[in-house]
Amino acid sequence: MKTLAATLLIALLAGCATGPQYDKTYTAKGQSSRARFLVLHYTVSDRPSSIKILTEQQVSAHYLVTDDPKPVIYNLVDENNAAWHAGNSSWKNYTQLNNSSIGIEIVNPGWKDTPTGRVYAPFPQSQIDAIIPLVRDIVTRNHIAPENVLGHSDIAPLRKQDPGPMFPWKQFADAGLVVWPDATRVAAIAPIFQTQLPDVAWYQKKLAAWGYGLVQSGNLDEQTRTVLSAFQMKYRPANIDGMPDVETAALLEALTNPAGPLPPVPVPPVLTIPVTPPAEPTPAPAPAVVDPNAVPATPPVKVQQ
């Protein structure tokens, strides 16, 4: 009896030690991953500094990819937890994306300003070859759509530039991980905008429709140029001046309207030259009437001095 009692006591204590027991026979249909977005960054630091910053300071990321010849991928935050990598951010109708995203930091020096302008650092191909399978694994497990694989500059364009114009987004598009404008459609749309460039309000509406957060001011202000530059960094990195041009318009139209009818060809406004009506002719003075009975005036006599 003592042995049996001891056994029961041990079993009871063991049950208390392991906590509540759950029956996982059923799984609810109505659920999804908390991760809706995947955000890519560069660290603007070397490997040791990047590790120190991301593990000892407030900022963090789920993954860190080093720039070693054979890159190492550190899993710093469990995907079930929120990492503090996005900050004040938005995409489409979502804001504060830390709670709905997975962040990947990439060891890269970022940029430096030179007398000839800002120069961005390239990414070694070995690093990209390590990141692509990582991204594919994350988006597959969490059912993240390609249009939600973003850069920090997409979700916070007014304060962030990473991963910058040297990041090879096209390689990720070719791997099916990022949405990319169809080149044939872009080529078909470009001549339409060469006829007449859309106004600034059109660019702002298209950028917002694609996901960027910006005020619809209708003016080519600093925030509009900054957001245009962020868009160009991703889809047209050869020129990131933030100016609304034909190629940027064609890329925006191809992304936001990938299969619909092409936009109509703008009809140039007809210039009307105002015609000034001819002035009324000045009537000729009436001829003088000569009185036949009038006596002609006597001419004055010149007096000799």
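May I ask for the net charge around Val107, where only other residues with Cβ less than 11 Å from the Cβ of Val107 are counted and Lys, Arg are +1 while Asp, Glu are -1?
So the environment of Val107 carries a net charge of -3.
Less than 23 Å apart at the alpha-carbon level, and either on another chain or at least 8 residues along: which lysines does that give for Lys206?
Reachable lysines: Lys92, Lys160, Lys170, Lys234.
Once Rh is set to the Kirkwood radius over Cα pairs, what Stokes-Einstein translational diffusion coefficient, in µm²/s, holds for the range 71-180 at a temperature of 25 °C and a viscosity of 0.890 mPa s?
163 µm²/s
All other residues with a Cβ under 12 Å from the Cβ of Glu253 taken together, and with Lys, Arg as +1 and Asp, Glu as -1, what is their net charge?
On the way: positive: Arg185, Lys205, Lys206; negative: Asp182, Glu247.
Here the count lands on +1.
Based on the Cβ-Cβ distance from Val72 to Thr195, what FRET efficiency comes out when R0 is 45 Å, to the nearest 0.05?
On the way: r = 52 Å, r/R0 = 1.16.
The computed FRET efficiency comes out at 0.30.
Could you calculate the contour length gain from Val215 to Lys24, that is, 0.36 nm times the residue separation minus the distance between their Cα atoms, to one decimal place in nm?
Computed gain between Val215 and Lys24 is 64.0 nm.
Label points 7 Å out from Cα along the Cβ direction at Thr140 and Lys170: separation in nm?
Inter-label distance under the simple model: 2.6 nm.
Report the rotationally averaged projected area of the range 181-259 based on its alpha-carbon convex hull, in square nanometres.
Details: hull surface 18.7 nm².
Taking a quarter of the hull surface, the average projection is 4.7 nm².
Applying 1/(1 + (r/R0)^6) with R0 = 22 Å to the Cβ-Cβ distance of Val265 and Asp182, what FRET efficiency is obtained, to the nearest 0.05?
Working: r = 20 Å, r/R0 = 0.90.
Calculated transfer efficiency: 0.65.
Gln58 to Arg34: extension gain in nm, 0.36 nm per residue of separation minus the Cα-Cα distance?
Result for the pair: 6.5 nm of gain on full extension.
How big is the Cα convex hull of the range 58-117 in projection, averaged over all directions, in nm²? Kindly include the intermediate steps, with their values, before the conclusion.
Working: hull surface 25.6 nm².
The number I arrive at for the range 58-117 is 6.4 nm².
In a shell of Cβ-Cβ distance under 10 Å around Phe231, excluding Phe231 itself, what net charge do Lys and Arg (+1) and Asp and Glu (-1) give?
Details: positive: Lys206, Lys234, Arg236; negative: Asp154.
Residues close to Phe231 contribute a combined charge of +2.
Laboratory data are not the source of any read-out in this text; all were calculated from the coordinates shown. As the structure is a prediction and not an experimental result, all values here were calculated from the model. When we count neighbours, we look across all protein chains shown, and the Cβ atoms used for this are built from the backbone with ideal geometry, even at glycine.
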